[in-house]
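Scroll down for the structure; my scribbles are underneath it.
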């Protein structure tokens, strides 16, 4: 007899989506506050990206371990641990008194997010049966994620200019406390019943080290040069650890990441698309907020309020994506979304030193916004298509790892391109003013994000299949003898 669905599953979904909204909001809202944080805590331009990247480093590095722990130790219990860590770290971020204190607190916050996010997504896949109901739940999850990434500007501006940048972190505390009260009421405990209680410590250490070294190399490359011995050494170390991880997983009886999951073209394609989506979704706002505040002289609140079109259009894209992705397929929806993001970035390459909101920013956001909603919803649903319940934590961990890796890589790329182009232009045009040189750098960075988005659209066309086919790619469990 088929099990009766959990009666409170939709209330549970609201709680889990609220947690995810805060995680995504926190990753994005900090971009609005970067100029204020730079002034108050004396960050250098190169060091400022660590406010974003420290969070992404621990988030990406520990996501797979977080998803695995949820499957083995109990999803509700692990989710509660993540909420506690995230809430305490948010308090420490708001109380930070120095550059080092904020970066350290952001690292801890990333650990909490790495535990919360795959666990929440894993709980959703166990509460909702595969099919239309689960797809609807995942569509809502993806829509709120895309919306959270864009409403950050609207919420962050008034907070930064009104109460101070610290309140973008204090905002998480009441939600965290409310979540801790509601978790025992709304979430049932569950864990994998078909997986042995093995934690694969060697696999956990090697994959965490590989991802950590990769993100660190990308983030530090602008300071030391992409071709420097230091940068190449970090990349080589990451590659060696990744190869070691693959070897360990192929021989372990109960691996952290069963390599068979990569047999699904849809899962591989979804994670590749999510990676390139995130490079653009984080890279473009990072540059745009610096252009608006440093060149146009906008305050944080003015920038946030005038950019309300961005979250509005992203919400439209999320709603449309949720309703059409299962009818027309992953491939066209993701490709259209990423193409819109790329087109929006290309429009922003026309920003000027004496620009204006409607003349330089508005139309780029109008085009970019729907794309972010379409692409994020599609990549989220595709990443879990056909995945067995006992591997839902793993699949969600892979998807979120791709997302955070993309965030770190995208921020590092645009920072490198902008700083390098600004310095080169200033050196060859000594008569040019500071704002002209900065704008030249920002234009080049927008071009880089546009290229990344269009590359993601091409990958979507090549790798993603239809939802019906993805559902047939569910992975066969390993024989008990193995």
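The values are calculated or read from the model by the stated rules, or taken from the named source; none is laboratory data. Note that the structure is predicted; figures quoted are calculated from it, not measured. No Cβ is skipped: glycine too gets one built from the backbone with ideal geometry, and neighbour counts run over all protein chains shown.
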* Structure fact -> Apart from one, (1) within 30 Å of residue 297 (Cα to Cα); (2) surrounded by 23 or more Cβ atoms within 10 Å (Cβ to Cβ) all hold for residue 83; the odd one out is (1)
* Structure fact -> Scanning the range 86-99 residue by residue, those over 14 Å from residue 164 (Cα atoms) and surrounded by 20 or more Cβ atoms within 10 Å (Cβ to Cβ) turn out to be 86, 87, 89, 90
* **Which numbered condition residue 286 fails, given (1) more than 19 Å from residue 457 (Cα to Cα); (2) surrounded by fewer than 18 Cβ atoms within 10 Å (Cβ to Cβ); (3) within 23 Å of the chain's Cα centre (by Cα)** => (2)
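Report whether or not residue 288 is part of a helix (DSSP H, G or I), touching a residue at least 24 places away in the same chain (Cβ under 8 Å) and under 24 Å from residue 451 (Cα atoms).
So residue 288 passes the test.
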* Quick one: which of 36, 42, 53 is on the phi > 0 side of the Ramachandran plot and touching a helix residue (DSSP H, G or I) at 6+ places or on another chain (Cβ under 8 Å)? -> 42
* Give the residue, chosen from 65, 85, 92, that is farther than 18 Å from residue 12 by Cα and within 18 Å of the chain's Cα centre (by Cα). => 65
* Residue check: is residue 269 under 17 Å from residue 411 (Cα atoms), at pLDDT 80 or above and buried (at least 17 other Cβ atoms within 10 Å of the Cβ)? -> no
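Do we find that residue 104 is surrounded by fewer than 19 Cβ atoms within 10 Å (Cβ to Cβ), modelled with pLDDT under 80 and touching a helix residue (DSSP H, G or I) at 6+ places or on another chain (Cβ under 9 Å) in this structure?
no
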* Within the range 324-343, how many residues are closer than 17 Å to residue 266 by Cβ, modelled with pLDDT of 85 or more and crowded, with 18+ Cβ neighbours inside 10 Å? -> 5
* Asked: Assuming residue 430 fulfils every condition listed in (1) assigned to a loop (DSSP other than H, G, I, E, B); (2) closer than 20 Å to residue 441 by Cβ; (3) in contact (Cβ under 8 Å) with a residue 60 or more places away in the chain apart from one, which condition is it?
  -> (3)
* Collect the residues in the range 294-323 that are part of a helix (DSSP H, G or I) and surrounded by 22 or more Cβ atoms within 10 Å (Cβ to Cβ), keeping them in residue-number order. => 300, 303, 304, 310, 311, 313, 314, 317, 318, 321, 322
* Filtered residue count, the range 157-185, keeping only those that are farther than 29 Å from residue 74 by Cβ and under 24 Å from the mean Cα position of the chain (by Cα) -> 9
